[in-house]
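Contents: one structure, followed by commentary.
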Amino acid sequence: MKQSILKALLAGILIGFGAYIYVSLFHDNRFLGACLFSLGLITVFHLQADLYTGKIGQFPRIKVKSLAIMLLFNFVGITILATTVWGNNQLVEKCTEIASKKISISIPTTLIMAILCGMI
């Protein structure tokens with residue numbers, strides 16, 4: 001159990017760090033930001049960390065309790081990383097801009113993008 005918690009916490013920190021890099025590079029070099037975010041995903045895979053979005057597809061084989069613990073500690077890991085960059089107004093502005101662009105996309109386009117993202 002302790003190892004699962006640590007692996008979920010690590011996955012949250014790694015994905016949070018990848019997201020931080022992506023947002024930081026959003027205006028300067030989106031391609032590099034996306035590649036570095038992918039590096040976070042590759043690191044999660046390489047270290048066999050427990051990322052909720054990677055394990056939910058195994059639902060029949062993995063227990064609901066394990067998924068809930070994984071989700072909780074992924075959130076805790078991301079929160080730990082977020083507290084280290086708290087107060088960075090430029091980052092908040094970039095996140096707000098990215099979010100406003102995302103919510104302006106039509107529902108069919110969002111659905112197609114979500115399916116393609118899931119396939120990747």
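The values are calculated or read from the model by the stated rules, or taken from the named source; none is laboratory data. Given the structure is predicted, the values throughout are model-derived calculations rather than measurements. No Cβ is skipped: glycine too gets one built from the backbone with ideal geometry, and neighbour counts run over all protein chains shown. Heavy atoms of the whole protein, side chains included, go into the accessibility calculation; ligands, DNA and RNA do not. Shrake-Rupley method; radii C 1.70, N 1.55, O 1.52, S 1.80 Å.
Treating cross-link reach as a plain straight distance, find the lysines whose alpha-carbon is under 24 Å from the alpha-carbon of K65, omitting any fewer than eight places away in the same chain.
In chain and number order, the partners are K2, K7, K55.
Using only Cα atoms, locate the centre of segment 1-64 and the centre of segment 88-120, then give the distance between them in Å, rounded to an integer.
First find each Cα centre; the distance between them is then 17 Å.
Kindly report the accessible area of the chain per residue (heavy atoms of protein chains, probe 1.4 Å, no ligands, DNA or RNA), in Å².
Values: 8720 Å² over 120 residues.
Ligands and nucleic acids excluded, the result is 73 Å² per residue.
Relative to the present Cα-Cα distance, how much length would full extension add between Q48 and I98 at 0.36 nm per residue of separation?
Working: separation 50, 0.36 × 50 = 18.00 nm, distance 2.96 nm.
This chain segment gains 15.0 nm when fully extended.
Which value in deg cm²/dmol, rounded to the nearest 500, describes the helix-derived mean residue ellipticity at 222 nm for the chain, given -39,500 (n - 2.57) per DSSP H run of n ≥ 4 and division by the residue count? Walk me through the numbers before you get to the answer.
On the way: 6 runs with 93 residues, N = 120.
Value at 222 nm, helices only, nearest 500: -25500 deg cm²/dmol.
I'd like to compare 22-30, 59-67: which one has the highest average count of other Cβ atoms within 10 Å, and what's the full order after that? Each step should come with its number before you reach the end.
On the way: 22-30: 14.8, 59-67: 10.4.
Final packing ranking: 22-30, 59-67.
I need the shape label for the chain. Rule: rounded when a/c is under 1.5, else prolate if a/b > b/c, else oblate, with a, b, c from the alpha carbon gyration tensor.
It is oblate, given that a/c is not under 1.5 and a/b is not larger than b/c.
Kindly express, to the nearest 10 degrees and within the range 0 to 90, the angle between helix 2-24's C-alpha long axis and the longest C-alpha principal axis of the chain.
10 degrees
Given a cut-off of under 8 Å on Cα pairs at least six residues apart, what relative contact order in percent is computed for segment 14-58? Working shown, then result.
Details: 33 pairs, mean separation 17.1, N = 45.
Reported relative contact order: 38 percent.
For the chain, with all protein chains present and a 1.4 Å probe, just round the carbon and sulfur fraction of the accessible area to a whole percent.
Ligands and nucleic acids excluded, carbon and sulfur reach 71 percent.
State the extension gain, in nm to one decimal, for the chain segment bounded by I115 and M1, taking 0.36 nm per residue of separation less the distance between their alpha-carbons.
Here the answer is 37.8 nm.
Compute the relative contact order of the chain as a whole-number percentage, counting only Cα pairs closer than 8 Å that sit 6 or more residues apart in sequence. Present the calculation step by step, with values, prior to reporting the outcome.
On the way: 102 pairs, mean separation 40.6, N = 120.
Reported relative contact order: 34 percent.
How much solvent-accessible surface does K101 expose, in Å² to the nearest 10, with a 1.4 Å probe and all protein chains in place?
100 Å²
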